[in-house]
Amino acid sequence: MTAASTPAIAPAPALLTAVFEAASEAMVLCATADDTVVLANEAARSLLPGMQPGGPVAAPLPADGADSFQTEHEGRRLYGMRRPVGDGHYAWYLRDRTESAALELERSRTAFLAEAGRRLSASLHVRRCVRTTVELAAAHLADAAMVVLPPHRRHSEWVRLLPGLPAEEGTLREPTLGEVPGLIEALGGFPPIPSRWLDPAQAPAWLVPAGFGPVGALLVIPLPGNAEPAGALILARCGPSAVFSTEDETLARMFAARAGAAISAATLYREQVDTAAVLQADLLPPELPQTDGFELSGSYQASSDALRVGGDFYDVFAPAGAGADTVIALGDVCGTGPEAAVLTGKVRQTLRALCLVRTEPAAMLTVLNEALLQSARQPRFVTMVVGSVRRTDHGRVRLDLASGGHPAPLVLRTDGRVEEVPTSGTLIGVLPRTVVRPATVELAPGELCLLYSDGLTEARGGPSGTEQFGEARLHQALAECRGMPGAATVDRIRQLVADWVRGGNSDDIAMLAVRAPSRTPLSLRGGGAPTPSPYVAAARRADRRPRNRS
Amino acid sequence: MTAPAGTLTPITAHLSDDYLQLVADGDEVGATELVGALLDDGVPAQRIIVDLIGGAQRRVGELWAANEWSVAREHAATAVGERALAAVAARTAVRPRRGRIALACVDGEWHGLPARMLAELLRLDGWRVDFLGASVPGRHLIVHLHQTGPDAVALSCMLPTRLPRAHAAITACRAAGLPVIAGGPGFGPGGRWAQRLGAHAWAATGEEAVTRLATDWPPRNVTDLPLPDGEAFIGDEEYTHLVRSRPQLIATAMDRLPEIYPPARDYDQAQAEATSEDMGHIADFLASALYVGEPDVFLDFITWTTAVLGSRGVPPTALRLGLTLIRDQLIDFPAATTMLDTALRTLPRT
């Protein structure tokens, strides 16, 4: 379709002026020659009341020939754009951005608080929460930020971030806290004192060291916590004209509420962890003593992900006096988790006492049975193996073992045979009378006796995911460990079972191995050793060189 | 064993051979005495750890792969290596002057010695190191992080089959606001998969990790770091299916094996178990490859397995049969079948 030519119309000047006047956009038409205002419509006059036709183009319109500007004018945020219109004239188009600027500010504050929430919730560790707090505060609220924690034993810990420096940490003595205006009040849980009432000149030199300029404004805010303050946040702005506006103070308080919640949650968590650690300490597997004449190696794996203790246990009791044997024990309390762990603690303590009176393993189980029957609030039984270990002649080791309803210990012989120790007995803590059949084992050098809990053989996994690891596989695995040190043997079996269950949830697993050390390093490779290096020769010499030789 | 080119090390080939002999004999006392004598002589602890203990450990791995050493002997040798390392640690005190770092092997990763060596190297470099050990469950790691508040986490992974669990650990560390440096060949050549899984840095060797951690590390604010591209695509549905149907997959493969390979009818229990374990490995590496979306995870495994089986006199036919039996059950899974087909093509003809 061909367009008909537009009829040439020339509207009257009055009509054009009326249209100009009625436009909602603020417009100012100016003459280029002398920079005078030719016309300013109503919208423009309301933004710039002083702008009159005939008058000069004056502030806030820039006089430097810039094409755009953005400025505060009479409490409004103005944005302007200049366009040439025809020969000899140009026009300013103005916009009032007051509201969108406020919106932007609000948005940035919301974004800051969201970021603060996200970062503060990441850790449950007090020090990290405090560091995050000063990092956020220094980035968004002030030039320098410092968190002071409530005094503990007359000392307060602090973390500070100064411009351009990494975070610093330290402690303050309680009396020095009073040197910062408002800090005692903030740590005492009083509402924050407005910044304008705090004299920055009174801030002590240690707060913001010289070189960062004089502190122009100071803000001290409590970090609210659980019924008592989690600490105080000190914010400082440098420079003589620095201030904290009311909006700044409000934002800082909103931030402090989030930081305080995070720090106090972390504090609570730390207290719980510390308490749990103290209570757990005696229930953890013991450090195995260095023994003369035989190697001891243990492994313990609690079924629970979070706990490190469970219903299985092992313990080793050093000889009670000259001529006495080392006593070893490994057992399994019915159940798992903390309840079972508490009972293992009682059993271990009872055994320790029984060791002191030098009882035979079988008699120990009988006494333990009576003790448990009398003390248990609810029936809980234990299966366990107790043994006394001593070295005999020619590097051999003798074990007297007694089992109370527990899987029989295994013995790995030098030729790779795996034997079950023929000891058996009834569960401990159920029947008033126990029957225990003890057994004695002799280990030749290189042979090993393994005590284990049924979590090992009953671990479910394998190709089908439901098959038990089983005794046959354990025997096979142990047989393959011929010639290996005790620790490596225990590690290997633990690893095989872990691979078997492939990360699946299993029961507690405990292992304790006693091994008679190989008499001489057995060359598995065969053949004579090549000429040893001077280092080996030196290391083997009895007269070792002194260590300070360089 | 020669020193890496360009490194001046006092650990001579002769010395390395002597040490390997001690390790081979399971001679703990001899090995600890040897490193003690070297320390007395002023040899830097780092060189003893990396060149002597680490070098021997590499040789041990090679000897096992070449079927010259049994698994038991490899384990015994590793135990000696750990004792020697402990002896070096006991003799060298360094005042911590850097931050605190938590170091762990990924859940299911039992090769603890390389990580333990890194722990000592970092300690010698002035880090305060918490070594959490081999195969650290994710929950234990996170509990430790919240309780001790370290500055960074180092994760070791030697086998790519642990990558899904490594990913879980890395994600949890990121959520706790901590930067992660990944290490070990499990993360692929050049640490390719480490980045994909969200680690902030990667190091091939212990010494590289020390250098990397000494320069501009850890990053100040980790939660603001962007997640790597493609992280969102990790762990697709084929992976999920494969993991969930693993028992069935292996059982069916074992049932069908005698049809296409008659000698399997006469397998005793040990042989049958070893075979189904091998099928399990195929499934696990395939699953990992699908998880990170990298066929190389699977193909590298096939290359490696071919070599290991070869040194044990097992013909590639066995592997071919295993791959075919798995492939035939995964017809509806294009990514998995593509990987299996590629693998079958790379197998040497017999």
_For segment A:282-297, give me each residue that is within 14 Å of chain B (Cβ to nearest Cβ) and part of a strand (DSSP E or B)._
A:E295, A:S297
*asked:* Take the residues in segment B:253-274 that are in contact (Cβ under 8 Å) with a residue 40 or more places away in the chain and assigned to a helix (DSSP H, G or I); name whichever of them is farthest from A:D499 (Cα to Cα).
replied: B:I260
*Would you confirm whether any residue within segment B:58-71 is in a helix (DSSP H, G or I) and within 8 Å of chain A (Cβ to nearest Cβ)?*
yes
*In segment B:272-321, which residue that is among the aromatic types (F, W, Y) and farther than 24 Å from B:R256 by Cβ is farthest from the other protein chains (Cβ to nearest Cβ)?*
B:W304
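Condition check ((1) modelled with pLDDT of 90 or more; (2) among the aliphatic types (A, V, I, L, M); (3) within 28 Å of the chain's Cα centre (by Cα); (4) assigned by TED's automatic domain parsing to the domain that holds A:S241) across all residues:
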| site | (1), (2), (3), (4) |
| --- | --- |
| A:A114 | yes, yes, yes, yes |
| A:T132 | yes, no, yes, yes |
| A:L149 | yes, yes, yes, yes |
| A:W206 | no, no, no, yes |
*Can you give me the number of residues within segment B:175-223 that are under 27 Å from A:S121 (Cβ atoms), small (G, A, S) and under 19 Å from the mean Cα position of the chain (by Cα)?*
5
*Just wondering, is there one or more residues in segment B:292-309 that are touching a His at 6+ places or on another chain (Cβ under 9 Å), on the phi > 0 side of the Ramachandran plot and in contact (Cβ under 8 Å) with a residue 12 or more places away in the chain?*
no
_Criterion (farther than 10 Å from B:C105 by Cα and within 12 Å of chain A (Cβ to nearest Cβ)) met by exactly one of B:P137, B:P160, B:P164, B:P185_ = B:P164
*Keeping to segment A:9-50, report how many residues are in the same structural domain as A:Y79 (by TED's automatic domain parsing), assigned to a loop (DSSP other than H, G, I, E, B) and closer than 19 Å to A:G86 by Cα.*
5
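Residues checked against (1) of a type in the set (G, A, S); (2) surrounded by fewer than 22 Cβ atoms within 10 Å (Cβ to Cβ); (3) under 30 Å from A:M484 (Cα atoms):
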| position | (1), (2), (3) |
| --- | --- |
| A:Y314 | no, no, yes |
| A:P319 | no, yes, yes |
| A:I328 | no, no, yes |
| A:G331 | yes, no, yes |
| A:L356 | no, yes, no |
_Within segment A:357-476, considering only strands (runs of 3 or more DSSP E) that don't extend past its boundaries, which have at least 3 residues that are under 21 Å from A:Y300 (Cα atoms) and not basic (K, R)?_
A:382-391, A:397-404, A:410-412, A:448-452
_Just checking, does segment A:310-333 include any residue being within 14 Å of chain B (Cβ to nearest Cβ) and under 24 Å from A:F381 (Cα atoms)?_
yes
*How many residues are surrounded by fewer than 18 Cβ atoms within 10 Å (Cβ to Cβ) and farther than 25 Å from B:P258 by Cα if we restrict to segment B:270-294?*
1
*asked:* When you check A:P485 against the structure, is it over 34 Å from the mean Cα position of the chain (by Cα), surrounded by 21 or more Cβ atoms within 10 Å (Cβ to Cβ), facing chain B (nearest Cβ under 10 Å) and closer than 15 Å to A:G298 by Cα, yes or no?
replied: yes
*Of (1) surrounded by fewer than 15 Cβ atoms within 10 Å (Cβ to Cβ); (2) modelled with pLDDT of 95 or more, A:D393 satisfies all except one. Which?*
(2)
*Residue among A:A318, A:A259 that alone is touching a residue at least 60 places away in the same chain (Cβ under 8 Å) and more than 22 Å from B:G133 (Cβ to Cβ)*: A:A259
*Which of (1) away from chain A (no Cβ under 14 Å); (2) surrounded by fewer than 20 Cβ atoms within 10 Å (Cβ to Cβ); (3) in a helix (DSSP H, G or I) is the odd one out, the single condition B:I49 does not satisfy?*
(2)
*Check whether at least one residue in segment A:265-281 is more than 14 Å from chain B (Cβ to nearest Cβ), of a type outside the set (G, A, S) and either in contact (Cβ under 8 Å) with a residue 12 or more places away in the chain or buried (at least 21 other Cβ atoms within 10 Å of the Cβ) (or both), and report yes or no.*
no
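Residues checked against (1) assigned to a strand (DSSP E or B); (2) within 30 Å of A:A252 (Cβ to Cβ):
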| position | (1), (2) |
| --- | --- |
| A:Q52 | no, no |
| A:G65 | no, no |
| A:R83 | yes, no |
| A:Y90 | yes, no |
| A:L103 | no, yes |
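Rundown of residues vs (1) within 18 Å of A:D248 (Cβ to Cβ); (2) in contact with a Leu (Cβ under 9 Å, 6 or more places away or on another chain), yes/no style:
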position: A:L136; (1), (2): yes, yes
position: A:H140; (1), (2): yes, yes
position: A:H155; (1), (2): no, yes
position: A:L161; (1), (2): yes, no
position: A:E169; (1), (2): no, no
*Check segment B:329-350 and report whether any residue there is assigned to a helix (DSSP H, G or I), at pLDDT 90 or above and under 23 Å from A:G461 (Cα atoms).*
no
*List pairs: first in segment A:476-495 and more than 16 Å from A:V411 (Cβ to Cβ), second among the aromatic types (F, W, Y), Cβ under 9 Å, 6+ apart or cross-chain?*
A:D491/B:W110; A:R494/B:W110; A:Q495/B:W110
*Can you work out which of the residues in segment B:24-44 that are at pLDDT below 90 and in a helix (DSSP H, G or I) is nearest to the other protein chains (Cβ to nearest Cβ)?*
B:A24
*Count of segment B:83-92 residues which are within 24 Å of B:G26 (Cβ to Cβ), surrounded by fewer than 22 Cβ atoms within 10 Å (Cβ to Cβ) and within 14 Å of chain A (Cβ to nearest Cβ)*: 5
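The values are calculated or read from the model by the stated rules, or taken from the named source; none is laboratory data. Predicted, not measured: the structure shown is a model, and the values here were computed from it. As a convention, Cβ positions derive from the backbone with ideal geometry for all residues, glycine included, and neighbour counts pool all protein chains shown.
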